[in-house]
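I have placed the structure first, in the form of structure tokens, so that the comments after it can refer back to it.
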RNA sequence: CGGGGCGUAGCGCAGUCCGGUCCAGCGCGCCUGCUUUGGGAGCAGGAGGUCGGGAGUUCGAAUCUCCCCGCCCCGACCA
């Protein structure tokens, strides 16, 4: 392909709107253009990459035995009501209607449609297991789209769904997908890691996210360098702390704290770090209040709390707080608190000389010795994991890294198969719900993640497997007939090997071409110009190396293939 | 949704505080011609703007006031 015959427009300046490298480079290198917030047009160069990632995904899904289908984006309301998610999805789901007033969802995901399909197509255990997938556009009205295609309103996703006879089969399907995902990301040139994840609105019991470690990632991952434990911080368990510290012997003391409610304000007032405070949060779970104690510098993990309480927990309103503690918001404390379930996080056990609310307006207590003043029978794991916390599976300490979530696999169980009727007759003629799993890959986000992991200050460095072209041929002074002839000769030699080549035939100056070459990041660069006319040697350079090779044209194809093998 | 910032040519920006000297300017890009071609070329000529939109104040508005829209960043109930 000649550069002048395609649409590649690079930009010299960083776009003012882009913050992170992938977003900046995707705009500068001309991979995409923004239409509106969270909405992007893929230009030819970007689309080629997207398609290569799709192809890898497709090949590995097919290899794992999954079957490709294509489902509608528009989905009737009634289907979503069956699963209870017409409401549960809330504002993230975009909705529309026909001129007749029939309400439709713009699919944010496809559990409902696929399960309905299977309900209609499958009736016997003989037809299972089955694993269906598609690569399609998803719509999510993100609260705050950002970072280009990293978090956008409309994006390309591979979503797959497995249906099995029993738990053992579902485990097998899950494992197959997990392994397929490892292969997919490896083939895309990504260093990705699987981490334990929260199941969130999807429901289900087990789940792993595939994370690409990156400073700019939106997710935080807790990892244990000692044993390899890895989990999203939303999910990460924390091991019980070490032995309790020396407690204070000082007497409990009431201190007037007019109008001081937050740990931050009180920390200044008492000249004590937040870690000296025992924060007391009143939650409501299933209509019942619960008091949660946690050290002032830590945060409650509401998923852990919900699991412990057996119901989703939300922070209580002022009225409930007053009813439970006798004080307005800001003055709750564990000492003397009765008539409410009290749950204490591990971190509280480490507070030696604590400060808490006094359960009276404008009053706090200091010199709290938790063992003496309100003994806690059992400390629990209720906090969001933080660096230095004890690993739940060994004696190591957790570290926090940031990552980009490129894939997510769930064991769903029978939530959707029951509500949508995906049942089959087993050998005994008894009706059973299929056991489901679901598996997603953010295809467009994967492209951005690849750039996050493969770039330098000059531009993108594509891994060969996903590069838009494998070879970039630069002709310096392309109007000189000898140069044009050499370029033509090289093009023929390389296309004979099935290599996809981009020929920069623009009559721009050398600097422009070299800089654009670095920016768009094609793995192998060939240069023919004055030096070639003098020596008859073609300059060959890999984007991921500084080494320059000079070889005669007939040796170029072999060298190119060797360099591509290392890209 | 809360807070902050921004909106002037395709891209990056100056001008706005303090209204007139701006029927708006700079760099890059774009078009024509000639020269040039190994790390963002030179000369000459040229095109391109409802200054985000609307209403208002004023003799006069990119600039002041009000309303609206768009975009970006941070945060989202932690007592």
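The values are calculated or read from the model by the stated rules, or taken from the named source; none is laboratory data. Source: prediction; values computed, not measured. Methodologically, a virtual Cβ is constructed for each residue, glycine included, from the backbone with ideal geometry; neighbour enumeration extends over all protein chains shown.
General observations
- Qualifying residues in the stretch A:498-518 (those that are assigned to a helix (DSSP H, G or I) and within 6 Å of RNA strand B (Cβ to nearest atom)) - the one farthest from residue A:460 (Cα to Cα): A:510
- Condition met for residue A:367 (at positive phi and in a strand (DSSP E or B)): yes
- Any hit, the stretch A:41-51, residues being within 16 Å of RNA strand B (Cβ to nearest atom), in a loop (DSSP other than H, G, I, E, B) and touching a residue at least 12 places away in the same chain (Cβ under 8 Å): yes
- Subset of the stretch A:1-24 (residues that are more than 11 Å from RNA strand B (Cβ to nearest atom) and in a helix (DSSP H, G or I)): A:3, A:5, A:21, A:22
- Of all residues in the stretch A:170-188, one or more are in contact with a helix residue (DSSP H, G or I) (Cβ under 8 Å, 6 or more places away or on another chain), surrounded by fewer than 20 Cβ atoms within 10 Å (Cβ to Cβ) and at pLDDT 95 or above.
- Condition met for residue A:349 (at pLDDT below 90 and in a loop (DSSP other than H, G, I, E, B)): no
Matching residues to (1) closer than 30 Å to residue A:41 by Cα; (2) within 16 Å of RNA strand B (Cβ to nearest atom):
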{"residue": "A:132", "(1), (2)": "yes, no"}
{"residue": "A:142", "(1), (2)": "yes, yes"}
{"residue": "A:152", "(1), (2)": "yes, yes"}
{"residue": "A:162", "(1), (2)": "no, no"}
{"residue": "A:172", "(1), (2)": "no, no"}
{"residue": "A:184", "(1), (2)": "yes, no"}
{"residue": "A:198", "(1), (2)": "no, yes"}
{"residue": "A:210", "(1), (2)": "yes, no"}
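- Within the stretch A:13-30, considering residues that are over 12 Å from residue A:147 (Cβ atoms) and without any contact (Cβ under 8 Å) to a residue 40 or more places away in the chain, the one surrounded by the most Cβ atoms within 10 Å (Cβ to Cβ): A:15
- One residue from A:408, A:454 being more than 30 Å from residue A:81 (Cα to Cα) and touching a residue at least 12 places away in the same chain (Cβ under 8 Å): A:454
- When residues of the stretch A:97-122 are limited to those that are surrounded by 12 or more Cβ atoms within 10 Å (Cβ to Cβ) and assigned to a strand (DSSP E or B), the one nearest to the chain's Cα centre (by Cα): A:106
- If you go through the stretch A:302-334 and keep only what is outside any helix (DSSP H, G or I), touching a strand residue (DSSP E or B) at 6+ places or on another chain (Cβ under 6 Å) and more than 8 Å from RNA strand B (Cβ to nearest atom), you end up with A:311, A:313, A:333, A:334.
- The one condition in (1) out of contact with any strand residue (DSSP E or B) (no Cβ under 7 Å at 6 or more places or on another chain); (2) surrounded by 24 or more Cβ atoms within 10 Å (Cβ to Cβ) that residue A:354 fails to fulfil: (1)
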